[in-house]
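Structure first, commentary second.
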Amino acid sequence: MLKLPKLKIDRDGIRKIEKSKKLEWIVTNGTGCYSSSTITGMNTRKYHGLLIASKKPPLDRKVILSKLEEELILEDKRVQLSTNQYVDTIYPKGYEYLEKFELNGNPEFFYKAFGIKIRKEIFMLREKNVAVVSYEVDSGNKKIKLRLKPLINHRSIYHVRKNKDLFETENKEKGVKINFGKDDFLRIFTTKGKYCPSTLKEEQKWYKNFYYEMEIQRGEDGIDNCYNPGVFEVEGKGKFEFKIIASYCDDKDYDYDKMRKKDIKRKEKILSDFFKRNKTKEEDWVKWLILASDNHLIKRYDGKYSIIAGYHWFGEWSRDTMISLPGICLKTGRLDEAKKILEGYSKHVKNGLLPNTFPVSENDKPNYNSVDATLWFVNCIYLYYQETKDKKFIKKIWPIIISIIEKHVEGTNGVKLDDDFLLKHGPGMTWMDVKLNGEYVTPRSGKAVEIQALWYNCLCVAEFFAKELGKDYRKYQFHDNMAKKNFNEKFWSNGYLKDTLDDNTLRPNQLIALDLPFKIIDDDKKIIKRVKDTLGTDYGLRTLPKDNGNYSGTYSGDVGQRDRAYHQGTIWPWISTLVENNKKWLKKFVKRETNDFGLGTICEIIDGDEPHEGRGCISQAWSIGKLLEGI
């Protein structure tokens, strides 16, 4: 069985706090819930916490346990091992006692103070709302005490807490149960030592004004309050171990070490299966991609499989799922999961369209405002069939494919086949869909280049399956022939493809036409060279040329500033891979990205300007999926 890759940051790297507080880690439980923070232990986002969980994952995810405040006591000396940021200071500065940080399947922190060594590991139980903080202590011949204060919240990941609720607590010898409401509770306990309830008044149990710098920089509210019900006290001498276990809405006890080892073995098998299947060299940079893909493939509360678009804030997006599925599922050999995802999504096709986004809360409704999600869905069905030759599945899903095409021809929710056999659509229905103050930042109305390529591909897939199933294929053949003819007559512009029929701007969207199984153009060499020459950087392709007046090279600032930069110069790894897919570039890119920003994974976007910092979500499904496809 292959060993997991290891990432290490030493003491000097940790001490550079302006950099180290921007290095984030995440571990997940296979349902979309997670544990995440920075390598310093300082939460810099409202999305950070030791236990982010949900009763119906991935809906309504909440920060349940924010962190543990850790204190080491030796006789009359004491040090704080925690690190927090407030408006005008960092206190305490526990990162100064961190000797190293490692990511080796799970995040590990190595502290040293008074000659005492402490190793801390954080992991989650697979498909359980349980986070475990495991400590290994070596105090030599010194008797020490560790005091650990749980900071509890119970709020949506999308908000911070201002009010100070009165939580009902049930104190136990080894821990405490906190009741937030009916059948809604947190159980937190220790495997060694004791739990001491706080004797403070309720108002005084609140730790106030945590400052989440990343949120403030994003123009969001980043001032939070957390509740401390008491303290765990663990005494010992020499070598000893213990765990703090946080369990949300789960009264069961588990064999935590056994479940941890089982999950490590599961991950090792995923790695072994990938390299056997793809016959590629066993290298750590590839392993990181495989493991990152595993974080995004989830099993929902209703038993259905899906893909989380991005951590920390995105939920399930049809477009993102279908773009990332070939890499995350097919490339890794998780064919059954791919089939279940396609079956599950097929039930949500309405009037020929898939939802753009699925609800992140039970009170939300799906949004049917995407022109391309359904076309990517049909593409995935074809790619799945090429891997499996599962004709039974194709027979079952064939009526849905037909209904999709028929509805597009008739017209549905802002999408309709035009007289030239190309699809026309609204301005905000492609993946470049940002809307600011009621106006689209990148309006791509009419006929966007990749939509026509996807439509042609969809028609060709229908023609292919019609032949496979012994159906009449001629009408699909007629339509795809006419679409290809008219596309090539209308979209070429000085050696590249227009972004829309009415917009000559050179963007990377045209590369999608080169990446599909059925290509709407025959000569792509000119396009590749032109796009790379105009948009290329060492870290991928900009979404807009630097000499364009609308170019924005840095994705930062408040929501308005960020929205204006989102598709106006920012680099997107997923679409960059459509031309940058040679092993040398992939290796360099992945090694750089997995050691920066979101550790062990690939972020959502990268600044168009140097030094090309990672931005957006620290881990993005389609970034990971498309990179895996290129291997």
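Only the coordinates and a few stated rules stand behind these numbers; no lab work does. Because the structure is a prediction, the values reported are computed rather than measured. Reconstructed Cβ throughout: ideal geometry from the backbone, glycine too, with neighbour counts over all protein chains shown.
Volume per residue, Å³, of the convex hull around the alpha-carbon atoms of the range 55-200?
164 Å³
With the dipole of the range 324-469 worked out from charges on the C-beta (+1 for Lys and Arg, -1 for Asp and Glu) around the Cα centre, which of Pro326, Gln452, Thr357 lies farthest toward the positive end?
Pro326
Label Glu610 and Glu439 with points 7 Å out from Cα along Cα→Cβ: what is the distance between them in nm?
Those two pseudo-labels are separated by 3.4 nm.
Given that compact globular proteins tend to follow 2.2 N^0.38 Å, what is the ratio of the alpha-carbon Rg of the range 519-631 to that value?
Computed over Cα atoms of the range 519-631, the ratio equals 1.05.
Provide the descending list of Cα extents for the range 280-328 along its principal axes, expressed in whole angstroms.
Answer, in whole Å and largest first: 37, 21, 21 Å.
Would you mind working out the magnitude of the charge dipole of the chain relative to its Cα centre, with +1 at each Lys and Arg C-beta and -1 at each Asp and Glu C-beta, to the nearest 20 Debye?
1840 debye
Provide the gained length on full extension for the span Asp418 to Asn104, in nm with one decimal, where the gain is 0.36 nm per separating residue minus the Cα-Cα distance. If you can, show how the numbers build up before the last one.
Values: separation 314, 0.36 × 314 = 113.04 nm, distance 5.37 nm.
Length gained, Asp418 through Asn104: 107.7 nm.
Among Ser156, Leu125, Ala53, which residue has its Cα positioned farthest towards the positive end of the charge dipole of the range 7-253, with +1 placed on the Cβ of Lys and Arg, -1 on the Cβ of Asp and Glu, and the dipole taken about the Cα centre?
Leu125
Give me the percent relative contact order of the chain, please, defined on Cα pairs under 8 angstrom at least 6 residues apart. Walk me through the numbers before you get to the answer.
Numbers: 1393 pairs, mean separation 76.1, N = 631.
Answer for the chain is 12 percent.
With +1 on the Cβ of every Lys and Arg and -1 on the Cβ of every Asp and Glu, and nothing else charged, how large is the dipole of the range 280-629 about its Cα centre, in debye rounded to the nearest 20?
Working: 51 positive and 49 negative charges, 198 e Å.
Value, rounded to 20: 960 debye.
Give the value in nm², to one decimal: projected area of the alpha carbon convex hull of the range 218-263, averaged over all directions. Please list the in-between numbers first.
Numbers: hull surface 28.6 nm².
Directional mean of the projected Cα hull area for the range 218-263 stands at 7.2 nm².
Could you please report the charge total around Glu75, scoring K, R as +1 and D, E as -1 over all other residues with beta-carbon less than 12 angstrom from its beta-carbon?
So the surrounding residues net to +4.
Which is the longest stretch in the chain that no exposed loop site breaks, taking sites as GluC sites (Glu not before Pro) with a DSSP loop state and at most 16 other Cβ atoms within 10 Å?
363-631
How tilted is helix 284-296 with respect to the longest principal axis of the chain? Cα atoms for both, answer in degrees (0 to 90, nearest 10).
90 degrees
Over all pairs of distinct alpha carbons, what does the Kirkwood formula give as the hydrodynamic radius of the range 209-343, in Å?
18.9 Å
Roughly how many Å is it from the Cα centre of the range 572-631 to that of the range 133-208, as a whole number?
38 Å
Please give the net charge around Tyr456, taking every other residue with its beta carbon less than 9 angstrom from that of Tyr456, where Lys and Arg add +1 and Asp and Glu add -1.
Values: positive: Lys484, Lys519; negative: Asp480.
Net charge around Tyr456: +1.
Give, to the nearest whole percent, the P(r) tail of the range 501-565 beyond 13 angstrom, counting all Cα pairs.
Tail of the P(r) past 13 Å holds 69 percent of the pairs.
Mind putting a number on the dipole of the range 7-253 about its Cα centre? Charges go on the C-beta only, +1 for Lys and Arg and -1 for Asp and Glu, and I need it in Debye to the nearest 20.
Working: 48 positive and 38 negative charges, 54 e Å.
Value, rounded to 20: 260 debye.
Tell me the mean residue ellipticity at 222 nm calculated for the chain from its helices only (DSSP H runs of n ≥ 4, each -39500 (n - 2.57), averaged over every residue, nearest 500).
Details: 17 runs with 190 residues, N = 631.
Computed ellipticity for the chain at 222 nm equals -9000 deg cm²/dmol.
Taking 4 °C and 1.567 mPa s as the conditions, I'd like the Stokes-Einstein D for the range 1-79 in µm²/s, using the Kirkwood hydrodynamic radius from alpha carbon pairs. Working shown, then result.
On the way: Rh = 14.8 Å.
The estimated diffusion coefficient comes to 87 µm²/s.
Measure nothing fancy, just the Cα-based angle from helix 583-594's long axis to the longest principal axis of the chain, in degrees from 0 to 90, nearest 10.
That works out to roughly 40 degrees.
In percent, what relative contact order does the range 280-629 have, based on Cα pairs under 8 Å that are 6 or more apart in sequence? Let's see the in-between values first.
On the way: 638 pairs, mean separation 64.5, N = 350.
Relative CO of the range 280-629 lands at 18 percent.
Where does the Debye-calculated log10 I(q)/I(0) of the range 280-629 sit at q = 0.07, 0.10, 0.15 Å⁻¹, using only Cα point scatterers of equal weight, no solvent?
With no solvent term, the Cα-only Debye profile gives -0.27, -0.57, -1.42.
Run the numbers on the range 7-253 and let me know its relative contact order in percent, using alpha-carbon pairs under 8 Å that are six or more apart.
That works out to 21 percent.
Can you give the net charge of the other residues whose Cβ lies under 10 Å from the Cβ of Glu213, counting K and R as +1 and D and E as -1?
+3
For the range 65-145, would you read off the P(r) tail past 16 Å as a percentage of all alpha carbon pairs?
58 percent
What nm value, rounded to one decimal, do you get for the distance between Asp184 and Lys529 when each label is placed 7 Å out toward the C-beta?
Simple spin-label model gives 6.2 nm for this pair.
With a Förster radius of 51 Å, plug the Cβ-Cβ distance of Lys208 and Thr505 into 1/(1 + (r/R0)^6) and report the FRET value to the nearest 0.05.
On the way: r = 49 Å, r/R0 = 0.96.
Between Lys208 and Thr505 the formula returns 0.55.
Counting just the Cα atoms, what span does the chain cover along each of its three principal axes? Round to the nearest Å and put the largest first.
84, 51, 48
Based on the alpha-carbon set only, what is the convex hull volume of the range 7-253 divided per residue, in Å³?
It is 127 Å³ per residue.
Given a cut-off of 28 Å, name the pairs among Lys16/Lys67; Lys22/Lys339; Lys46/Lys584; Lys143/Lys267; Lys279/Lys529 whose C-alpha atoms lie farther apart than that in the structure shown.
Listed pairs above 28 Å: Lys22/Lys339; Lys46/Lys584; Lys143/Lys267; Lys279/Lys529.
Provide Rg over Rh for the range 445-565; use the alpha carbon set for both Rg and the Kirkwood Rh (inverse mean inverse pair distance).
Taking Rh as the inverse mean 1/r over Cα pairs, Rg/Rh reads 1.07.
Nearest 10 degrees, 0 to 90: what angle lies between the long axis of helix 391-410 and the longest principal axis of the chain (Cα atoms)?
70 degrees
Among the listed pairs Lys304/Lys416; Lys21/Lys331; Lys475/Lys525; Lys407/Lys525; Lys62/Lys262, which are separated by more than 28 Å between their Cα atoms? Don't skip to the answer; put the middle values down first.
Working: Lys304/Lys416 31 Å; Lys21/Lys331 34 Å; Lys475/Lys525 31 Å; Lys407/Lys525 35 Å; Lys62/Lys262 26 Å.
Violating the 28 Å limit, Cα to Cα: Lys304/Lys416; Lys21/Lys331; Lys475/Lys525; Lys407/Lys525.
Roughly what would the spin-label model give for Glu468 and Tyr301, points 7 Å off Cα along C-beta, in nm?
With each label point 7 Å from Cα toward Cβ, the separation is 3.6 nm.
What is the order of Lys22, Lys194, fewest Cβ neighbours within 10 Å to most?
Lowest count first: Lys194, Lys22.
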